[in-house]
Structures are given as C-alpha cells and as structure tokens.
1. Only one residue in B:117, B:109, B:40 is farther than 17 Å from residue B:218 by Cβ and away from chain A (no Cβ under 14 Å). Which one?
2. Would you please name the residue that is surrounded by the fewest Cβ atoms within 10 Å (Cβ to Cβ), looking only at residues in region A:286-313 that are part of a loop (DSSP other than H, G, I, E, B) and not assigned by TED's automatic domain parsing to the domain that holds residue A:271?
3. Test residue B:153 against the stated conditions and say whether it is within 12 Å of chain A (Cβ to nearest Cβ) and either part of a helix (DSSP H, G or I) or loosely packed, with under 15 Cβ neighbours inside 10 Å (or both).
4. Anything in region A:506-515 that is away from every other protein chain (no Cβ under 11 Å) and either assigned to a loop (DSSP other than H, G, I, E, B) or within 60 Å of the chain's Cα centre (by Cα) (or both)? List them, or say none.
5. Looking at the structure I just gave you, is residue A:442 more than 14 Å from chain B (Cβ to nearest Cβ), modelled with pLDDT under 90 and assigned to a loop (DSSP other than H, G, I, E, B)?
6. Among the residues of region B:128-149, is there at least one that is part of a helix (DSSP H, G or I), within 13 Å of chain A (Cβ to nearest Cβ) and in contact (Cβ under 8 Å) with a residue 60 or more places away in the chain?
7. Name the single residue that is farthest from the other protein chains (Cβ to nearest Cβ) among those in region B:162-176 being crowded, with 23+ Cβ neighbours inside 10 Å and at pLDDT below 90.
8. Just to be sure I understand, how many residues within region A:458-505 are within 14 Å of another protein chain (Cβ to nearest Cβ), over 22 Å from residue B:190 (Cβ atoms), at pLDDT 85 or above and part of a loop (DSSP other than H, G, I, E, B)?
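The values are calculated or read from the model by the stated rules, or taken from the named source; none is laboratory data. As the structure is a prediction and not an experimental result, all values here were calculated from the model. FYI the Cβ positions are ideal-geometry reconstructions off the backbone, even for glycines, and counts take in every protein chain you see.
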C-alpha cells in the first residue's frame, strides 16, 4: 500500500513536471539560475523523478569531471563524452541540459549536453552591433535585458557595459534633440532615471545649459542657479587656456566631452562666466550709468574677464563724460582714475579741464563767494592730481579773492590770507611770494620780519605799528636834512629809532635802529 | 698999540645969545623938531602901512607855507611893530614867529645822531671835543621834559638818544620851557634850540648836551614845524602847536584879541 502510494506520488510529480517542463522543452525554454534557485526545494523531487532540465548560467570554475556555475551551489558533473572547452573563461555563458541526481544525500546535476557561449558583456556588445539595434530605443531595450543579470550576478562590468549602451543610446537621442532644450531636458530626466554614467549626465546637463544659454529669451537667473550646481563654477582663480576657450566657443558640448575632468571644471566655470557676464550685461542700463558697479562685480566675481569689466567701465566712463559738468568731486576722481586705467590719460586731463571750466561758469568770478568756490575747485584738482597748472590757477583766484575781500569782507580776507599761507604763500608789500622764496630772504628782510613779528632796520612806521603796536611815548629830533622819531616801548624795553630824509619829500619814515631802553655805558 | 679991553661975561652972553640969535635958533630948533616929528610921523605912517600890508603878506605866506616869504614879511612886521612900539599879542606873536622862522632856517645841516656816533666811535671823549662838535648847531626837538632830581631848575629832555655806549642827555634851563612844562608836565614840547656845550660824565656813562637857552624858541606854527619835517596833516602836531601857542599866550583867541600881553613871548631870552 505504501509502495503504491509512493508510485502514485511519483506519477503525479512526473505529470506536474511534464506540465511544467515539457512545454518549456517544447519551446526550448531554458531555466536561468535565478529561476532554478527559486525551485531549489524541489530539486530532490526532480532528481527522484529523473526530470530533464535545461539550464543556462555563468561558468565559474571547473575540475576534471565537474564544474560550477556562478551563484549556484551545485556541482555539475559531466561524463567524459561531454567535454568543457579547455580555455573556459569565467562568466562565459554555459547552457547545460541534464538532470538532478542523488549521490547519497547530496544532489548533483548530471550534464548530458553542454553548450558554451560568450560572456554577457560580449553578448551585449555583439547584439548592440547587430543591424537594427542602432536605434536608441533598441539600445535601451537591449540594455534593459541585461539589467537583471547584472544585478543578480552583481556584475559591475556588465553594469558598466549596460551604462555604456544606455549612454550610447542617450548620445544618439541627444543628436536627435540637438537644438531642442525641452527635448534635451526630457532626455536628461530620462538619463537620470536610467542611471547612466555621471559623465553622460554631466555632459547632458552641460549641453542643456549651453543650449538654454544660447536661447535669446533665456531666463538667466534659473540658468545661473543650475550653473552653480556644476563643479568648478566658482573657481575664480584658474584661467581657462586659450585652446579650451576656443573649443568652448566652437562647440561647448564637444569640448566638454573631449575634455579631462580638470578641463571640464574649467569649461563649467567658463559657462558660468558667460552666463554671469550675460546676466550682468543685461543689467547694464541703456545709458551705461551703472557700468562701474557692474564692472566692479565682474572684477570681483569674474576676475578673468577684465576685458569685459573694462568694456563696462568704458560705457560708464562714456556716460560720465557726457555729463562732465554734473560730476561731483568724488565722481570726477572715479572717472579720472578709470580713464587712466583705461589708458586714456589724455582724456582724463581733458575731463578735468572741462569740469573746471564748468565749475568756473557755474560759480562765476563775479562775486567773492564765486571766486572762492572756483578757487577751491581748482585747488582740489591741483591737489588730487598734482596738477600744477590747476593749483596755480586756484592760488591765483584765491589771491584775487583776497584782494577783493579786503574791500568787501575783511573777515574773509583774513581767512583767505591764512589759506594762502597754508598753501605756501606769504603776503609781502610787493605781492604774494611762495614760502620758500620768503624763507630765502635774509632775516633782516623787512617783509619777513613783519611776518615774523620782529622789528628790523628798513621797516616803515606803519609796519612797526603793525608789529609792536603804538608806542607808549614818542620823541622827535629834526635837523635840516634828517628827521628822526624815537618810539619808546616801555613794556618791551625797546626804543625804535626811525629816520626820514628830508631832502627827499617822498621818503618814508623807516627804522634806523632798534635798541634796548637804558642800554649804555 | 691999542689995548683991548676985556669984555665981561655978561656982555659976551648978551652978544652970544642975542635975541636975534635966540629967535633964529629957536626957529631952527622948531623947524628941526617939526622935521623930526614929521619924519617920525612919516615912519609911523609907513610902519602902520607896512604892518597892515605885511600882516596880510604873513597870512598869505602862512597859508602858502612859504617860509622865506614869511621870514621876510615877519622881519618887516617886527620892525614895524618896533617903530610903532607895539607889545601886544600880535606883535609878540609876530616876533615869536620870526624867531621860529630864523631858527628853522638855521637848522643844522649836521645830523646830531651821526655826529655823536662819530664822536663816540673816535678817540677819548673830552668836553672840549664834544663842545666843539655840537656848539651852535640848531635842532628841533619834540620831547617830554623832566626836572632833574638834584637840580630842580634844570630840565632834561626825554629823548632816548644813544651814542655808542653813551647815553645822551640834553639839558636846558630855558624859562619858556619851564613855563610850558609846569603848565602840562606830561605834554611833550616842540621847540627849536641851539646846542651850547657838551660834557661827558664818565661815571654815569652819559654825554650831557646843554642847550643855549637864549636860542630856545617854542614852535607854534605849522609852517615852521613843517620846515622841520613835521607833517601838516598830523593832527597831533597841529594840536600840540595850538596848545603851545595857547600856553604861551600867543593865541589871539586865548588872549582876547590884540591887546597888550604881560607874558613873556615864546622863545624870550632869559
């Protein structure tokens, strides 16, 4: 009874296997290793039933009469009539036909027929090259077929190959959407989902950015945001070689794909630079009035773009030059400095001259205040740019203002005299002289003594009065030809003897001698 | 031989002073007196005319500042005043003015300061050398005066003059200066005077110059001050001259016209 029950069970199993396996045999369906592994608990039953199994897997290792397949803890025994090629390579695909057999408690797979093929990578490559597979969609489909294998076998090489295939497919798709930002964006999204290589993704991102940049209506803030996600975008110091720049200009995408990692960083920086430059140029006002600010940003953010900064400065300078008469001092300094930087020093001089001329017209020389204000401007230019002519003109105007103030506003005259003195001028009877000339005068020079508050020979009575004040007492002594006055300063203990020659009517009373009062034997 | 009889004195007197002779003599004397009187009258007439005329000339010269014309006119005015026997303020003023003119006309051509300096720089100073150098030199001074402590009658000019290491002191006893000084001790006096002598005081290190007091003449007119180098535009000088004139009683306003003046005229001799 028991034997009958076992036979029945074998028959049922055989029937089931027949249902499961035979259709496969009939359709030449081959079990893969994962499929076989799923049925591992039934291997014994198959062995007992003597079922015929067709299996495909990857060759792992071999002995004289057996071999192993990857990921499968099963020894494949083959009879001498079935021979493995001598030069088997690991991961070569092997298709075996046979069945499970028991050897005691262990299960083996006895190979009845064996067919050795190429590795998955080789197969994939070959299939890629087959006609009809050049279409990107086909390539992607092809790559998809190998994904499960690569994951099951944890085959990085195959994964790379799959990525390469996908990469090729993406590249081919990219050719189709070459000038279509939307298509390229979709392709990028697809590539990201497919998990293609970083290089391919990087290239797609780069090319997409370049493409969007070249669109006339590009929204630059978004582009800049994207550009700032690329490596090397903020590498300000490294200059981009001319050759690379040329390649970038010719075909940025091609340049990127042909470039090394380091060069790609530079290209990405270059793209950012171009984007930012365009952004800044878009911010430039029509009259160029904000050119200086933008140029400053260019110099700060894009130090390699000095030329562009200079162009912006040129625009700003042109604008400033067009309104030279409205510049304030600070702006004049700024514009002049820029002109010098831009090697337009002659124009800087011309600008200052025009500016001064305008100031002169603006303030006018008809009033004391205007004269002083105009002099101030000339002196400012003279000091700021060490312009001797302007300084001289300023001083001259100041002198004229001083003369005028003497009549109109003595208080101002005093202040102006002080300013002139600060500027290195001394007022003498004969006119203003420079401090240097003044100091070259001998110590007993009357004018010098007056300025220094001393009384020396040759001083007039008026000068003595200005210097020492009115005397406490005076005495006089006259002869036919000579008239003398004795000015006695009790506090100072001084007697100033003044003399006038009566022979000449226009002779002034001048100091003849200064003596200490009470000096004597 | 006949012998002449001695004629008695009475007879001789009768013969000498005969009526005829007496009459003739008296007539002659009367004639002479008449002539003299007539001459005197004539001189006085002329003097009066000269006085009047020259007063005008003096005024014109004063206004014109013509010192030589002024001097000439004043000489005639003073002469006329003498003829007329006038001692009133006008006459005294004219006389004073004449003395002022003469003084400024005689101002020394030598420079006192330079002369003293040369003396001080030269050999040893002796009184004789100093006197010889300065005697008779006329200068115009304007200075305060101070009485010497040891001799109240002597005044020293407050003139800080120095000759080398010597302090020069100028001394005077002129009455007119004392008068002005006592009237206003602080006020300087403008006057002309000649130097009389000089002496050195080795112990005091001073050189004393003595004024010829008879030559002292106080200046009261702008024209004479101007001749000494003073500026006519100097208000302080004008004021000083006015005050001096007033103090000396030469101002017509001060003495109430041309009345007789008791005070000594400016520059009167001691």
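1. On the way: B:117 fails: away from chain A (no Cβ under 14 Å); B:109 fails: away from chain A (no Cβ under 14 Å).
Only one candidate passes the filter, namely B:40.
2. Step one: of region A:286-313, the residues part of a loop (DSSP other than H, G, I, E, B) are A:286-290, A:302-305.
Pick out the ones that are also not assigned by TED's automatic domain parsing to the domain that holds residue A:271 and you get A:302-305.
Numbers: A:302: 19, A:303: 13, A:304: 16, A:305: 19.
The qualifying residue surrounded by the fewest Cβ atoms within 10 Å (Cβ to Cβ) is A:303.
3. Details: within 12 Å of chain A (Cβ to nearest Cβ): no; either part of a helix (DSSP H, G or I) or loosely packed, with under 15 Cβ neighbours inside 10 Å (or both): yes.
Taking the combined requirement at face value, the residue does not satisfy it.
4. A:506, A:508 - these are the residues of region A:506-515 that are away from every other protein chain (no Cβ under 11 Å) and either assigned to a loop (DSSP other than H, G, I, E, B) or within 60 Å of the chain's Cα centre (by Cα) (or both).
5. Details: more than 14 Å from chain B (Cβ to nearest Cβ): yes; modelled with pLDDT under 90: yes; assigned to a loop (DSSP other than H, G, I, E, B): yes.
Considered against the rule, which asks whether it is more than 14 Å from chain B (Cβ to nearest Cβ), modelled with pLDDT under 90 and assigned to a loop (DSSP other than H, G, I, E, B), residue A:442 comes out as yes.
6. Quick first cut of region B:128-149, residues part of a helix (DSSP H, G or I) only: B:128-134.
Those still in the list that are within 13 Å of chain A (Cβ to nearest Cβ) too: B:134.
Checking which are in contact (Cβ under 8 Å) with a residue 60 or more places away in the chain leaves us with B:134.
Within region B:128-149, one or more residues are part of a helix (DSSP H, G or I), within 13 Å of chain A (Cβ to nearest Cβ) and in contact (Cβ under 8 Å) with a residue 60 or more places away in the chain.
7. The qualifying residue farthest from the other protein chains (Cβ to nearest Cβ) is B:176.
8. Matching residues across region A:458-505 total 1.
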